[in-house]
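Undergrad: Please find one structure pasted underneath; my questions will follow.
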Amino acid sequence: QVQLVESGGGLVQPGGSLRLSCAASGNILSFYSMGWYRQAPGKQRELVASITSGGRTSYADFMKGRFTISGDNAKSTTYLQMNSLKPEDTAVYYCLMVDPRGDYWGQGTQVTVSS
């Protein structure tokens, strides 16, 4: 079994920054990708960004250069640097790992952008 633990969420003012971390542990195999999704109240979960084990990244259009995903394969960890945060970025952010056995999700970390 694989466990994912997110950290780094919290309350931040508009225009501020946060760095989320997601660490995988347990019976980890070589994974295909890790990524971040978010879900705001009353909305569907949506992709924020993802990174393959080879370092290829992809981002949702709403990022517009504000967020950066990175990863450390040796530590099975991924990071999401979020800058210029807006109130509409408020959501629970979830980490996802995809490996040959399937998908693994973390419990989520709350990000609230408010003055």
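The values are calculated or read from the model by the stated rules, or taken from the named source; none is laboratory data. Fair warning: this is a prediction, and the values are worked out from it, not measured in the lab. Don't worry about glycine lacking a Cβ; one is built from the backbone with ideal geometry, like all the others, and counts go over all protein chains shown. Just the protein is used for accessible areas: all its heavy atoms, side chains included, with ligands, DNA and RNA removed. Shrake-Rupley method; radii C 1.70, N 1.55, O 1.52, S 1.80 Å.
Undergrad: Scan the stretch 42-58 and give yes if some residue there is at positive phi and either of a type in the set (Lys, Arg) or touching a residue at least 24 places away in the same chain (Cβ under 8 Å) (or both), otherwise no.
TA: no
Undergrad: Another question, if that's okay. Cβ-Cβ below 9 Å, separation at least six or inter-chain, first residue in the stretch 61-88 and within 30 Å of Ile28 (Cβ to Cβ), second acidic (Asp, Glu) and surrounded by fewer than 18 Cβ atoms within 10 Å (Cβ to Cβ): which pairs?
TA: That search, which allows pairs on different chains as well, returns Thr78/Asp72; Tyr79/Asp72.
Undergrad: Additional query: Looking at the stretch 59-89, which of the residues that are small (Gly, Ala, Ser) and either farther than 19 Å from Gly106 by Cβ or over 15 Å from the mean Cα position of the chain (by Cα) (or both) is modelled with the highest pLDDT?
TA: So, considering only residues that are small (Gly, Ala, Ser) and either farther than 19 Å from Gly106 by Cβ or over 15 Å from the mean Cα position of the chain (by Cα) (or both), the one modelled with the highest pLDDT is Ser84.
Undergrad: With a cut-off of at least 1 residues that are touching a strand residue (DSSP E or B) at 6+ places or on another chain (Cβ under 9 Å), within 21 Å of Ser115 (Cα to Cα) and open to solvent by 70 Å² or more (accessible area, probe 1.4 Å), name the strands (runs of 3 or more DSSP E) lying wholly within the stretch 1-105.
TA: 10-12, 18-26
Undergrad: Continuing with the same structure: Within the stretch 106-115, which residues are assigned to a strand (DSSP E or B) and either of a type in the set (Lys, Arg) or open to solvent by 70 Å² or more (accessible area, probe 1.4 Å) (or both)?
TA: Gln110
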